[in-house]
Amino acid sequence: GGPPATTSDLAAAEYMRPQSMAQTLAALEKGGLITRHPDPGDGRRFLVVATDQGRDVLRAAMEGREAWLAHAIETTLSPEELAALPGLIEVLDRLAASPPGVPSHRSG
């Protein structure tokens with residue numbers, strides 16, 4: 001899912017160089033997982049859209065990761081670590097929501 005994106009948008013989101021992302025997208029397009037269309041607003045750019053097959057592959061990969069994580073949590077963490085997970089998840093959510101950019105030093 002998701003709206004169409006440009007190669008540059010995807011590269012920035014994944015912290016990749018646009019040239020590296022272009023190579024990745026070419027392989028995904030060859031495999032039938034995405035399509036690229038000229039941007040109606042800017043003919044120099046292309047918009048990338050996942051195909052139905054691409055969405056299915058992504059969904060299966062995400063489900064596999066979720067199953068792995070659930071299994072790892074159940075079999076690896078101690079009861080104390082399990083109890084600490086909600087607080088850790090809250091901290092990670094805050095970190096993930098922080099804007100990228102130049103780090104600032106907090107005072108105090």
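Only the coordinates and a few stated rules stand behind these numbers; no lab work does. Values in this document were obtained by computation on a predicted structure and should not be read as measured data. All Cβ positions, glycine included, derive from the backbone under ideal geometry; neighbour counts span all protein chains shown.
Quick test for you: out of Gly32, Gly54, pick the one residue that is small (Gly, Ala, Ser) and part of a loop (DSSP other than H, G, I, E, B).
Result of the check over Gly32, Gly54: Gly32.
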Quiz item: Quick one: in region 5-26, which of the residues that are in contact with a helix residue (DSSP H, G or I) (Cβ under 7 Å, 6 or more places away or on another chain) and over 24 Å from Ala96 (Cα atoms) is surrounded by the most Cβ atoms within 10 Å (Cβ to Cβ)?
Solution: Leu25
